[in-house]
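The values are calculated or read from the model by the stated rules, or taken from the named source; none is laboratory data. Just so we're clear, the structure is a prediction, and the values are computed from it rather than from any experiment. Heads up, the Cβs are rebuilt from the backbone with ideal geometry, glycines too, and the neighbour counts pull from every protein chain shown. These area figures cover heavy atoms from the full protein model, side chains too; ligands, DNA and RNA do not enter into them. Shrake-Rupley method; radii C 1.70, N 1.55, O 1.52, S 1.80 Å.
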Protein chains: 2
Amino acid sequence: MAQTSQNKKDLAQARTKTNFDVTDMTNYLYGGPANVEQRRYIIDLIAREPIFNKDDWPWLNHTDAVKRGIAMSTRLAEIKMEHELNDLDFATMVEAIDDTLPILLHNGAFIPVINSQGSDEQIEKWIPLAEKYQIIGCYAQTELGHGSNLSQLETTATFVQETDEWEINSTTFTAAKWWIGGLGAICTHAVVQAKLIIAGKDYGAHVFVVPIRSLDNHKPFPGIQVGDIGPKAYGGFNKMENGFARFNKYRIPRENMLMRFSKVSRDGVYTKPPHAKLSYGSMVLLRSVLIRQMALYLSRATTISTRYLTVRRQFNNPTKRNDTDINPGLETQVINYPMVQNRLFPMIAQSYALFAAGSVMMEMYIGLMTGLSSGNIDTLAEVHATSSALKSYCTTIAAAGAEECRKLMGGHGYSYFTGLAHMFASIVPSNTYEGDNYVLTQQMARYLLKEVKTARTTPNKVTPYSKYVLLALNRDSFAHARCSVAKAEDWLNPDVQLAVFEHRCARLATELSDAVDAAGGMESTTWSDHNIECYRISHAHAQYVMVLWFIQSIREARNPEADEECRASPEAIAILERLSNLHALHTIQTNLADFTEDAYFNPSQCQSLRAQVKSLVASIADQAVGLVDAFDHPDFLLASALGASDGDAYQRLWDKAQTEPLNRREVCDGYEEYIRPLLKKHGELKL
Amino acid sequence: MAQTSQNKKDLAQARTKTNFDVTDMTNYLYGGPANVEQRRYIIDLIAREPIFNKDDWPWLNHTDAVKRGIAMSTRLAEIKMEHELNDLDFATMVEAIDDTLPILLHNGAFIPVINSQGSDEQIEKWIPLAEKYQIIGCYAQTELGHGSNLSQLETTATFVQETDEWEINSTTFTAAKWWIGGLGAICTHAVVQAKLIIAGKDYGAHVFVVPIRSLDNHKPFPGIQVGDIGPKAYGGFNKMENGFARFNKYRIPRENMLMRFSKVSRDGVYTKPPHAKLSYGSMVLLRSVLIRQMALYLSRATTISTRYLTVRRQFNNPTKRNDTDINPGLETQVINYPMVQNRLFPMIAQSYALFAAGSVMMEMYIGLMTGLSSGNIDTLAEVHATSSALKSYCTTIAAAGAEECRKLMGGHGYSYFTGLAHMFASIVPSNTYEGDNYVLTQQMARYLLKEVKTARTTPNKVTPYSKYVLLALNRDSFAHARCSVAKAEDWLNPDVQLAVFEHRCARLATELSDAVDAAGGMESTTWSDHNIECYRISHAHAQYVMVLWFIQSIREARNPEADEECRASPEAIAILERLSNLHALHTIQTNLADFTEDAYFNPSQCQSLRAQVKSLVASIADQAVGLVDAFDHPDFLLASALGASDGDAYQRLWDKAQTEPLNRREVCDGYEEYIRPLLKKHGELKL
Ligand SMILES: Cc1cc2nc3c(=O)[nH]c(=O)nc-3n(C[C@H](O)[C@H](O)[C@H](O)COP(=O)(O)OP(=O)(O)OC[C@H]3O[C@@H](n4cnc5c(N)ncnc54)[C@H](O)[C@@H]3O)c2cc1C
Ligand SMILES: Cc1cc2nc3c(=O)[nH]c(=O)nc-3n(C[C@H](O)[C@H](O)[C@H](O)COP(=O)(O)OP(=O)(O)OC[C@H]3O[C@@H](n4cnc5c(N)ncnc54)[C@H](O)[C@@H]3O)c2cc1C
C-alpha cells in the first residue's frame, strides 16, 4: 500500500511550505481565539454523539431519513437545553451536524417571529414553552400558488366576533401551505401567514400562532389536512419533512394573532402598525446568517478539493514543478496545473472574502437593531437592500463554487464520499428561499435608484456604500472616465481596485436610472422591463461591497490599535493581501466586459489584468493547503474520504466502498430472478 | 379547484400563439417524419412496460435501486432481441428509460471495443455471445489511481509462455479498477486495459477480454476481488453498480488479448499496430453520441421549465403583458418577466443548436469511418479534435443549463417531482467521463497549433473549420481588425456573426501559438503552463462551430433542392432564423470581453448587441411553448409534475405529494420514541 502513504506524504509536504502561522489565520477568520475554541468545543459536542454519525446517510431513503432527522432534532434540542447554549452555538451545532433537520425552523423562524412580532404578553406566553420544547413550531408562509408574492397569499383568517375566534381557511386548492419545514411531521404549532378579514374587509397578510397537532397524541386537529410534500432535488433536505397543510374552517382564539404591531380588539377593531417595515429586521438577520453560512460552506468545499488535488497525481510532467526534485519519478500533483489553480484558488480567496462579508453584515444588522430599539429607522432601507444584494450574490457563488469544487476532483468527485455532493444539495435551495435570488435584486436596484436621485438633490445625504453614484453626476466627464492603471503593479493597489468597481456601479446605476425615467419611473407598470438590469447592478454592488469589506478587514487586522482579536501577524497579513488582490482582480476578470464595453479599460489594461490574475493565482500555490487548514474544519465536519486532514484519500475511498451494503453478498440480489434467465435464454454456455 | 384549470387554460392559450407548424419543426429536428415516428414507437415500447415505471424511484435506496436496475437491464436486453432493434433504437430506449443501467456499457463499450479492436476470429467468437447476452460485459480502464493518464495504468498482463496465458495483476493498491459501470454486480466479462509485459518488457496498455464471474453461478472467480464502489453524487447513477476489481495473479488465455492491431504470438513475439491512432474511432463515436444526448437533455429541461413558467403566475403587473386582456385580474405569468426570458430562451436556442451539432458530428464520424475503412486517415486528427472540443463544451452547457432550468422554477423547482433533479444528477458526470472536460480541450488546442503552422507554410492545406487561422497571417492588419457592424440589423447577418467568431478564434489561436513558441514549443515541458489558454481557444472553437452548423442546417432546410427530410416550411424557417440569431448573439454577449479586450468591438457595438439580444429574446416569447412542444418529448419521458403537456402543474404536484410514503401514517414514525419524550420533559402541558 505504498501509494497510500504517498498520499499522506504529499499533504504533509505541502503543509511544510506554509509560511504563515495557521492558528493566527484561524483566529483572524473567527474573530479571536476564544471564538475558535468555542466553535471546536461545540463541534466536538456533536461529534461525540452516535446519533449524529454520518456514515449510513447515503443509504437512507426519505422515510428512514426523516425518522433519523427527528431523532437528531430531539437530541439537538436536549443538548441546547443541557448546555444552555446561545444562538451562535446553536448555529455551530447545526453546522457540525451538517444537515437540515425538522426542528431547525423552530429555533430559526418560529421563536424569532414570535419574539419580534408578538406583544409582551404573547412573548411571555409562548417563548418559554418554545424554549423548553413543550411546543415545537414552524413557519408557514409559502403556499402552493404563492411564494415570492406575499401580497397574494390566499389563506384567510376571518374574525368571528361571536366566539372571539379566527377561522382559518384554505380558500382554494392553491392556498395550501407548501414547503413548510417542520410541518410534515414534527411540529405542534405553526406561525401562519394569512389574510386578515374582518366583516368582509381584507387587511392583508398577518401572522397567527396556529396549533397543528394535539399535545396528547400528536394527531393533526380536525379541520387540518397535513403531510409531507415528498423528496427534494439531488437528495437534499432528505431528513426534513417539508410539509403542506390545508385548513377547513379551522378555529383559533383571537389572541393567537401576533399583536406587537397590528392589533384587533374584542369587538373587531383593527389597529394598523406604526411603521410599515418594522418587521424587516428578522429578514435581515436571516440573510446575514446565510452569508456567514456560505463562507462556511465554500471554505469546506475548497478545503476538500485543495487537499485531494494535492495528493492526486496525474501525468508525468518532470519540469520545474517544485515537487519533482523531492519525488523523482512521480507524476505531477494535479494541483500544480495552472487550469486547476485558476479554477480553485479564486474560490479560496472568495471564501476568505465571504468570512469578512459575513462579519460586517452581522455588525450592520446589530447596528440596525440597536437603532430600531431607540426608534431610529435611518439605516433600515440601506441595510435591507445590502443584505438582499449580498444574499443573492453570496448564495449564488457558494452553490456554483461547491459544484465546481466537486467537478475539479475528476472522476472521484462524483462519488458520494467526497462530502461535497451532499453539501451542494443543501446549498442550492438557498438561492431560492429567503427571497428568490433574482426577485431579491430588485430591492437593491430600487434603493440605488433613490440614491441616484438623492445624489442630484442632496449629495451629502448619499449613504456610504453608494457614494459612487456621485461619480456620474457630471455626465460628460463620466463618459470619458478611464481606468488609471498604467503599469501592472497598479492593479495591486486596493484604492485602484475600489475605483474600478465604483466606476462600474456608477455606470450601471445611472444607466438603469435613465432607462427607468425614460419609461415613466419606478412606480410605472413597466418596472419589470428592467429586471435584467436590476440583477446586473445588484450583483455589481454586491461584488463591490465584498471587495471593500475584505480590504477593510485586512486593514483592521494590520492596525496595531485595533482589538487584539482582529489583529494578525505580518506573515498572515501578507498572504491575506494576496488573497484580497486575487479576489478583486479575479472578480473583475470574470466580469471583464462590464469594464470594457464603455472603453473604461483599454486593451493593454485587459492584458495586464489577465497577467496579474495568472501570477496571483500562481503565488498562492505553496500556501493553498495552509490557507484551507486555517478554515479549521475538522474531519467530522468535512465527512469526506477525499478531503480528510491526513490526506489518505485512496485508502479512505477504498474503505468507504467496502461499507457499501451491496458488497455483503457475493452474488447480487436479482441474479436468480433476472440475470440468470437472460444469460441462459439461448441455452447453457461453456467457455 | 379553479386554479387547476387555470393552469391548463394558460398552457393551451400559449399554444394558440404558435405561428408555425409544430410537426414540421419536429421533423426538422429529427431528420424527417420516419425518424419521428420510429422514436415515438420506441418510447412507447418502453412506456408500456411496468418495469420501466418511474413513480417509486425517489424512494429507492442504492441497494433497491441496483436491483431495479438489473431487472430493467434484462428487460431492455430482451426487448432489443425480441424486436431486433439497432443501435439508434437502443439509444432511444435508453433515452425513454431515463436512467443509467448496469447493462449500458455492454452495448455501449464492451461490444464496440471488441468489434473495433478484435481480430476477425475474436469478433466471430465473442460478438454473437454478447449480442445474445450469453455473456454480459463492461469496460474496465480507469483505476483508483489513474483515469486521465492512460499511460500510467498499473494493472499488468504478463505473458506466461509455459501455459500460453496472461497473468493479470493489480500490482498495487491503486491499480484497482474503479468506476467501472456493470462491474459491481451484473457483468460476467470485462474488457480490461492492462500493461502488456513480455519477458520483463513493458509494451504499454492493451485490451484483454477477462472473465469476471462464473457462468454457472455468477460467483467472481478466485483471484478477483470485485464489488460496488458505493453511492454517487446527487443520487445520480443510483441504479448503476459502478464497480471495483483487484486481480491477484489471475490467469486468462493468450487469445483473450484483442489482436486486431497489436498481436502477440505463441512464442511471445509482439507485433505493433500499423498506425498509432487507429483506435480513436470508437472515442469519436462515443463523443458524437454524447452531443446528441445533450441536445435531448437540454431540450427536455427547457420543455419542463417553459411549460411550468407559463402557468406559474406571480405578482400583479397589469401592464401591456399580452395576457391581461384575456385574463383580467390574474397575476402575471412569470414567463413574461424579461429576466426569466433572458435566462430561459437562450437555452431553447442552444437546444436547437445542439440538435444541429449532434447531426453534423455524427455525419463527420461516419465520413471518418468510411475513410478509415479504405485506409484514408486524412480527417482523423480533425474529427478527433472537433469531437473533443464539442464534447467538452456541449456537456458543460447542458449540465449548467439543466440546473438553471430547475432554479428558474423557484421553490417548486427544488422538488424531486420536477423531473429535472434526476436529470442534472445524470448529466454532470458527462463533464468528467469520456475525457475530463478540461483535459480534453488540450486536444483541440494541439490541433489548432498545428493549423497555425500549416497556415504559414501551406495555407491551402488548412482544414475547413480552422480556416480562420489565415486571418491572422498578416499580424499588423489583424491587430487593427475591427468588427464591421455599423447598424443594429447588421448583427442579424449570419456572415457577420461568423466573422465575429472567426476573429476571436484567430486571435486566441495566434496568441496561444506565440506563447507556446516563446516557451519552447508544444513538446516542451512547459506545455501545461498553457492549459488555461487551451481551454479558452477550444471552447471558442466549439462555439464557432456550433453557430456555423446551426446556420448551415437552416440554410439546408430552406434549400428547395435538399432532401425532403431536411426541408422546413417558411414559417418554421423564420423562427429558426430567430433562434439562430439569438444563439449566436447571446453566445457573443456571454463572452463579450473576448471581443472587446482587443478593441475589436467598440462601445456602441456592445450597446447595440445587448439591445439586439434583448429584442430577440422578447421576439421568442409567443413561440416558446410551440418551440418546446416541437422537441416532442412525451410525458412518460419528462416524468415531471410541473412540465407535463397539459400544464396541470399544481394538481400534479399535489397528487405526487399524496404518494409520499410518510403520508400513510397519521402520526409520524419516531413520535413515541423521540418527540413525545422531548415535549413532555418538563411535564404535561395543557393549552
Ligand atoms: C428547501 C426549501 C425550504 C423552504 N422552507 C419554507 C418554510 O419553511 N416556510 C415557508 O413559508 N416557505 C418555505 N419555502 C418557500 C420559499 O420561501 C419560496 O419558494 C421562495 O420564496 C420562492 O418563491 P416562489 O417559489 O414563489 O418562486 P416564484 O416567484 O414562483 O419564482 C419562479 C420564477 O419566477 C421568477 N420571478 C418571480 N417573480 C419575478 C419578478 N417579479 N421579476 C422577475 N422574475 C420573477 C423567479 O426568479 C423564478 O425564476 C422553502 C422553499 C424551499 C425550496
Ligand atoms: C459516472 C462515471 C462512470 C464511469 N464509468 C467508467 C467505466 O465504465 N469504465 C472506465 O474505465 N472508467 C469509467 N469512469 C472513469 C472516468 O472515465 C474518469 O474518471 C475520467 O476519465 C476522469 O479521469 P480522472 O478521474 O483520472 O480525473 P483526473 O485526471 O484525476 O482529474 C482531476 C482534476 O485534474 C485535472 N487535470 C488532470 N490532468 C490535467 C492536465 N494535464 N492539465 C490540466 N488539468 C488536469 C482535471 O481537469 C480535474 O479537474 C467513470 C467515471 C464516472 C464519474
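Considering the range A:236-257, and only residues there that are touching a Gly at 6+ places or on another chain (Cβ under 7 Å) and within 20 Å of A:Thr172 (Cβ to Cβ), the residue that is farthest from ligand 2 (Cβ to nearest atom) turns out to be A:Lys249.
Only one entry of A:His384, A:His422, A:His412 meets the criterion of being in contact (Cβ under 8 Å) with a residue 60 or more places away in the chain, away from chain B (no Cβ under 11 Å) and away from ligand 1 (no atom under 14 Å from the Cβ), and that entry is A:His384.
A:Ala515 passes all but one of (1) open to solvent by 30 Å² or more (accessible area, probe 1.4 Å); (2) within 30 Å of the chain's Cα centre (by Cα); which number fails? For A:Ala515, the failing item is (2).
Any residue in the range B:254-262 that is over 32 Å from the mean Cα position of the chain (by Cα), modelled with pLDDT of 95 or more and charged (D, E, K, R)? Checked the range B:254-262: at least one residue is over 32 Å from the mean Cα position of the chain (by Cα), modelled with pLDDT of 95 or more and charged (D, E, K, R).
Across the range A:109-125, the number of residues qualifying as closer than 30 Å to A:Ala65 by Cβ and either open to solvent by less than 30 Å² (accessible area, probe 1.4 Å) or away from ligand 1 (no atom under 15 Å from the Cβ) (or both) comes to 5. Among the conditions (1) surrounded by fewer than 21 Cβ atoms within 10 Å (Cβ to Cβ); (2) closer than 30 Å to B:Ala77 by Cβ, B:Tyr139 misses just one, which is (1).
Counting only residues that are more than 9 Å from ligand 1 (Cβ to nearest atom), at pLDDT below 95 and within 12 Å of another protein chain (Cβ to nearest Cβ), which one in the range B:303-330 is surrounded by the fewest Cβ atoms within 10 Å (Cβ to Cβ)? Looking at residues that are more than 9 Å from ligand 1 (Cβ to nearest atom), at pLDDT below 95 and within 12 Å of another protein chain (Cβ to nearest Cβ), I get B:Gly329.
From the residues in the range B:248-264 that are open to solvent by 40 Å² or more (accessible area, probe 1.4 Å) and in a loop (DSSP other than H, G, I, E, B), which one is nearest to ligand 1 (Cβ to nearest atom)? That would be B:Asn248. So which of B:Ala481, B:Ala506 is at pLDDT 95 or above and within 30 Å of B:Leu576 (Cα to Cα)? Testing whether each residue is at pLDDT 95 or above and within 30 Å of B:Leu576 (Cα to Cα) leaves just B:Ala506.
Scan the range B:639-656 for residues that are open to solvent by 30 Å² or more (accessible area, probe 1.4 Å) and either at the interface with chain A (Cβ under 7 Å from one of its Cβ atoms) or on the phi > 0 side of the Ramachandran plot (or both) and report the count. Summing the residues that are open to solvent by 30 Å² or more (accessible area, probe 1.4 Å) and either at the interface with chain A (Cβ under 7 Å from one of its Cβ atoms) or on the phi > 0 side of the Ramachandran plot (or both) in the range B:639-656 gives 2. Would the range B:499-506 turn up any residue that is open to solvent by 10 Å² or more (accessible area, probe 1.4 Å) and in contact with a strand residue (DSSP E or B) (Cβ under 9 Å, 6 or more places away or on another chain)? So far as the range B:499-506 goes, no, none of its residues is open to solvent by 10 Å² or more (accessible area, probe 1.4 Å) and in contact with a strand residue (DSSP E or B) (Cβ under 9 Å, 6 or more places away or on another chain). Annotation for the range B:565-573: at least one member residue is within 27 Å of B:Ser615 (Cβ to Cβ), of a type in the set (Gly, Ala, Ser) and surrounded by fewer than 21 Cβ atoms within 10 Å (Cβ to Cβ).
B:Val66 meets all of the listed conditions (1) within 25 Å of A:Glu672 (Cβ to Cβ); (2) more than 10 Å from chain A (Cβ to nearest Cβ) but one, namely (2). On inspection, B:Ala572 fails the criterion of being within 14 Å of another protein chain (Cβ to nearest Cβ), away from ligand 2 (no atom under 16 Å from the Cβ) and not charged (D, E, K, R). B:Arg300 meets all of the listed conditions (1) assigned by TED's automatic domain parsing to the domain that holds B:Gly375; (2) modelled with pLDDT of 95 or more; (3) among the charged types (D, E, K, R); (4) open to solvent by 10 Å² or more (accessible area, probe 1.4 Å) but one, namely (4).
If you go through the range A:607-614 one residue at a time, do you hit one that is under 30 Å from A:Gln6 (Cβ atoms) and not assigned by TED's automatic domain parsing to the domain that holds A:Arg48? The answer is yes, given that some residue of the range A:607-614 is under 30 Å from A:Gln6 (Cβ atoms) and not assigned by TED's automatic domain parsing to the domain that holds A:Arg48. When the range B:518-564 is filtered for residues that are surrounded by fewer than 16 Cβ atoms within 10 Å (Cβ to Cβ) and of a type in the set (Phe, Trp, Tyr), nothing remains. Residue pairs whose Cβ atoms lie under 8 Å apart, separated by 6 or more positions or on different chains, with the first residue in the range B:43-54 and farther than 15 Å from B:Gly69 by Cβ and the second among the polar types (S, T, N, Q) and at pLDDT 95 or above, are B:Ile43/B:Thr92.
Cβ separations smaller than 8 Å between residues 6+ apart or across chains give the following pairs from the range B:657-686 residues that are more than 7 Å from chain A (Cβ to nearest Cβ) to residues that are exposed (fewer than 14 other Cβ atoms within 10 Å of the Cβ): B:Thr659/B:Asp55. Could we say that A:Thr418 is β-branched (Val, Ile, Thr), open to solvent by less than 30 Å² (accessible area, probe 1.4 Å), farther than 30 Å from A:Glu143 by Cβ and at pLDDT 95 or above here? It is true that A:Thr418 is β-branched (Val, Ile, Thr), open to solvent by less than 30 Å² (accessible area, probe 1.4 Å), farther than 30 Å from A:Glu143 by Cβ and at pLDDT 95 or above. Does the range A:166-181 include one or more residues that are under 24 Å from the mean Cα position of the chain (by Cα), of a type in the set (Phe, Trp, Tyr) and more than 16 Å from ligand 2 (Cβ to nearest atom)? The answer is yes; a qualifying residue exists.
Within the range A:436-492, being in a loop (DSSP other than H, G, I, E, B) and open to solvent by 60 Å² or more (accessible area, probe 1.4 Å) holds for A:Leu473, A:Asn474, A:His480, A:Arg482, A:Ser484, A:Ala486, A:Lys487. The listed residues are B:Asp476, B:Asp436, and the only one of them that is away from ligand 2 (no atom under 16 Å from the Cβ), acidic (Asp, Glu), out of contact with any strand residue (DSSP E or B) (no Cβ under 6 Å at 6 or more places or on another chain) and over 20 Å from B:Met522 (Cα atoms) turns out to be B:Asp476.
Listed conditions (1) crowded, with 24+ Cβ neighbours inside 10 Å; (2) more than 12 Å from chain B (Cβ to nearest Cβ) are all met by A:Gly182, apart from (2). Scanning the range B:582-599 for residues that are farther than 17 Å from B:His541 by Cβ and open to solvent by less than 20 Å² (accessible area, probe 1.4 Å) returns B:Leu582, B:Leu585, B:Leu592, B:Ala593, B:Thr596, B:Glu597. For A:Val94, state whether it is closer than 30 Å to A:Ala624 by Cβ, free of Cβ contacts under 8 Å to residues at least 24 places away in the same chain, part of a helix (DSSP H, G or I) and open to solvent by less than 40 Å² (accessible area, probe 1.4 Å). The answer is yes for A:Val94.
Can you report the number of residues in the range B:331-375 which are free of Cβ contacts under 8 Å to residues at least 40 places away in the same chain and either open to solvent by 30 Å² or more (accessible area, probe 1.4 Å) or more than 15 Å from ligand 1 (Cβ to nearest atom) (or both)? Matching residues across the range B:331-375 total 8. Scanning the range A:175-197 for residues that are among the β-branched types (Val, Ile, Thr) and part of a loop (DSSP other than H, G, I, E, B), we see that the one that is nearest to ligand 1 (Cβ to nearest atom) is A:Ile186.
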